[in-house]
Amino acid sequence: MVAKQSPRWTYDAAMQGSIPDVPELILFGFDEIKSALPLSYHEHEGYEFVLVERGKASWELHGQAYETKAGDVFHTCPGELHRGGFNVIEPSRFWWFIVTPPHAQDWLRLPSNESACFHSAMQALPRVRHIGLQAVQGFRKLGDAINSSSPLRSSSIRQAVLGLLLAIVQPNERMISLADDLADQFNLLLQRIEDEPEWRPDIEELAGFVRVSPSHFFRTFQSHTGLPPMVYIERMRIRKACSLLSESTAAVTEIANALGYASSQHFATVFKRIIGMTPVQWRVYQNHGP
């Protein structure tokens with residue numbers, strides 16, 4: 001399995017040559033990053049799809065921010081400038097692939113009416129779509145097919161790409177959604193965590209908020225977000241810190257106090273562990289670049 005062999009794996013047609021009979025696949029890869037990495041504005045010549053398997057990632061496109069969690073796909077169209085939120089990609093595990101636009105005749109060996117349907121569906125996609133973690137298996141299959149030496153390698157790759165595209169443009173809602181009432185409660189909880197970064201609840205309080213047992217809450221929360229509850233809350237708190245550092249002139253000590261940290265030293269330690277630099281270094285980086 002690609003994900004088990006390396007924290008990063010990439011197939012790049014420009015570097016390694018196009019796959020015979022599947023020139024539509026431009027790029028495919030997997031990455032698992034432990035601390036935030038710079039990701040400034042860039043664009044692609046094809047449609048890019050990024051599936052978050054674990055953690056959270058934020059993106060900026062056309063001046064708007066988009067948040068993704070485990071099971072979410074973020075996509076961009078050809079030529080769209082985009083970047084990571086605050087110019088970084090946060091600690092997370094994710095998969096991505098880029099395909100040419102479905103304009104050319106015989107795109108992925110489909111008849112013209114079917115490639116036209118894909119074209120319409122891809123243009124109509126919401127910027128972020130939740131498709132669930134079942135799609136990870138599709139990415140693994142694509143990675144295994146690319147690494148294969150089988151005489152049917154190209155067919156396997158084409159089938160895997162089509163399977164992923166179908167999962168994205170027409171996801172199986174029954175398989176990916178929580179019960180409506182529980183999903184509503186989780187969304188309210190996530191909104192409160194975002195709105196009140198100084199809030200420091202324990203598991204019992206969090207479980208009580210959504211009206212389930214602590215054990216059920218822990219499992220469901222991690223499945224829903226890709227992170228354990230306390231890790232998720234800390235990441236959201238540090239994300240708020242990034243916003244305050246880049247958009248205000250408040251002192252680091254003031255920000256630490258506003259976010260409920262016992263001291264600015266503790267805040268700086270947590271911030272560096274997650275972001276990879278101190279709050280002061282982060283502020284300089286945001287204002288002046290690397």
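For segment 223-260, the set of residues classified as β-branched (Val, Ile, Thr) and over 18 Å from residue 275 (Cα atoms) consists of 225, 249, listed by residue number. Among all positions in segment 206-227, there is at least one residue which is touching a residue at least 60 places away in the same chain (Cβ under 8 Å), on the phi > 0 side of the Ramachandran plot and buried (at least 17 other Cβ atoms within 10 Å of the Cβ). Sub-8 Å Cβ pairs linking a first residue in segment 1-17 that is at positive phi and modelled with pLDDT of 95 or more to a second residue that is acidic (Asp, Glu) and surrounded by 10 or more Cβ atoms within 10 Å (Cβ to Cβ), at least 6 apart or interchain, number zero. None of 207, 241, 160 is closer than 30 Å to residue 21 by Cα, of a type in the set (Gly, Ala, Ser) and not in a loop (DSSP other than H, G, I, E, B) except 160. Considering segment 179-200, the residues that are touching a residue at least 12 places away in the same chain (Cβ under 8 Å) and not in a helix (DSSP H, G or I) include one that is least open to solvent (accessible area, probe 1.4 Å), namely 197.
Of all residues in segment 146-160, those satisfying the criterion of being within 16 Å of residue 98 (Cα to Cα) and among the aliphatic types (A, V, I, L, M) are 146, 157, 160.
Let's see how each residue does on (1) closer than 30 Å to residue 227 by Cβ; (2) assigned to a strand (DSSP E or B):
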residue: 95; (1), (2): yes, yes
residue: 101; (1), (2): no, no
residue: 108; (1), (2): no, no
residue: 115; (1), (2): no, no
residue: 119; (1), (2): no, no
residue: 122; (1), (2): yes, no
residue: 125; (1), (2): yes, no
residue: 129; (1), (2): yes, yes
residue: 138; (1), (2): yes, no
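Only one of the numbered conditions (1) within 27 Å of the chain's Cα centre (by Cα); (2) closer than 22 Å to residue 87 by Cβ; (3) free of Cβ contacts under 8 Å to residues at least 60 places away in the same chain; (4) open to solvent by 10 Å² or more (accessible area, probe 1.4 Å) is violated by residue 241, and that is (4). Once segment 45-78 is narrowed to residues that are open to solvent by 40 Å² or more (accessible area, probe 1.4 Å) and farther than 15 Å from residue 136 by Cα, the residue that is nearest to the chain's Cα centre (by Cα) is 67.
Tell me, which residue of segment 90-125 that is among the hydrophobic types (A, V, I, L, M, F, W, C) and open to solvent by less than 10 Å² (accessible area, probe 1.4 Å) is nearest to residue 9 (Cα to Cα)? Out of the qualifying residues, it is 95.
The values are calculated or read from the model by the stated rules, or taken from the named source; none is laboratory data. Every value quoted in this text rests on a predicted model; they were computed, and no experiment measured them. Here Cβ is always computed from backbone atoms with ideal geometry, including for glycine, and neighbour counts include all displayed protein chains. We work out accessible area using only protein heavy atoms, side chains counted, and drop any ligands, DNA or RNA first. Shrake-Rupley method; radii C 1.70, N 1.55, O 1.52, S 1.80 Å.
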